[in-house]
1. Met199 versus (1) under 13 Å from Ala238 (Cα atoms); (2) part of a helix (DSSP H, G or I): which is the lone unmet condition?
2. If we scan segment 26-35, do we find a residue that is on the phi > 0 side of the Ramachandran plot, of a type outside the set (Ser, Thr, Tyr), surrounded by fewer than 17 Cβ atoms within 10 Å (Cβ to Cβ) and out of contact with any Ser or Thr (no Cβ under 6 Å at 6 or more places or on another chain)?
3. In segment 80-95, is there at least one residue being without any contact (Cβ under 8 Å) to a residue 12 or more places away in the chain, on the phi < 0 side of the Ramachandran plot, surrounded by fewer than 18 Cβ atoms within 10 Å (Cβ to Cβ) and not assigned by TED's automatic domain parsing to the domain that holds Tyr28?
4. So the check is Cβ under 7 Å with 6+ separation or different chains; which pairs have a first residue in segment 160-189 that's part of a strand (DSSP E or B) and a second one that's surrounded by 15 or more Cβ atoms within 10 Å (Cβ to Cβ) and among the basic types (Lys, Arg)?
5. Can you tell me which of (1) on the phi > 0 side of the Ramachandran plot; (2) without any contact (Cβ under 8 Å) to a residue 60 or more places away in the chain is the one Ala62 doesn't meet?
6. If we scan segment 100-107, do we find a residue that is part of a helix (DSSP H, G or I), surrounded by fewer than 20 Cβ atoms within 10 Å (Cβ to Cβ) and of a type outside the set (Val, Ile, Thr)?
7. Return the residue satisfying two criteria in turn: it lies in segment 146-159 and is small (Gly, Ala, Ser) and part of a loop (DSSP other than H, G, I, E, B), and of such residues it is surrounded by the most Cβ atoms within 10 Å (Cβ to Cβ).
8. Can you tell me which of Asp136, Asp140 is in contact with a strand residue (DSSP E or B) (Cβ under 7 Å, 6 or more places away or on another chain) and crowded, with 22+ Cβ neighbours inside 10 Å?
Amino acid sequence: MTIDAAAARDREPSRMEEDYLTIVWKAYEWPGDRPTTTDLAARLGVTPSTVSANLKKLARDALIEYEPYGSIQLTDAGRAIATKVVRRHRIIETYLVERLGFGWDEVHDEADRLEHAVSDLVLERMDAELGHPAADPHGDPIPGVDGSIPFADAPTLAAVAAGRRVRVLRVADRHPEVLRYLADKGVAVGTELVVVTAMDAVGAMRVRHAPVGDAALAEGEGAAAPGTTDGAELELSAVAAESIRALPL
């Protein structure tokens, strides 16, 4: 370990370190995603050259493993920092929705600002007030104090075949306009849907709400039963469908 790396572990992480490490952590949380310099630049609103310079610094401080134009991997030290920040972020998001009445499309940026300012004491009081939730309003798992993650994976809705019934498990929070559209159409974490038409070449698919008591499950493998009463239908763009992780029923 270099002198710089040892010093980095003996101090509180900087805002830059927390932001970069958290974005890398979240990228690996969604199967198939891999963080790139371009992605980081777009998410952080900086130039790729700035990202490259900061990644080299994080690697020098033993918080990531990184080679230019190669993969970006968190070290154990980097993962510990990122997991702590993610826990703070998701508890704050949940508090804003559950106690202050924010919409799920409004809380990401607010939590980004607050996660660096709220003390550990206040955060744990918020967590206790909420009843120690396992997931935030988007369905993203909230890491425990010990860093454990109650993780459950599911395919994106875009990958689900026509006729299948699913339950919305998670919705990515990076597209507020998608969250607003889904909320307007009555889609939230826990909503059950039936795929009417699968993702087409144009980049659109149609789903409908699965009414309570729908006989679809009786058909086996989650297939929608013929003759059941359709719920409200809605069209989803590729961006919206890729933002939803849905558990086949």
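1. Unmet for Met199, out of (1) under 13 Å from Ala238 (Cα atoms); (2) part of a helix (DSSP H, G or I): (2).
2. Checked against the condition, which is being on the phi > 0 side of the Ramachandran plot, of a type outside the set (Ser, Thr, Tyr), surrounded by fewer than 17 Cβ atoms within 10 Å (Cβ to Cβ) and out of contact with any Ser or Thr (no Cβ under 6 Å at 6 or more places or on another chain), segment 26-35 yields at least one hit.
3. no
4. Leu169/Arg245; Arg170/Arg245
5. (2)
6. no
7. Ala154
8. Asp140
The values are calculated or read from the model by the stated rules, or taken from the named source; none is laboratory data. As the structure is a prediction and not an experimental result, all values here were calculated from the model. A quick note on method: Cβ atoms are made from the backbone with ideal geometry, for glycine too, and the neighbour counts reach across all protein chains shown.
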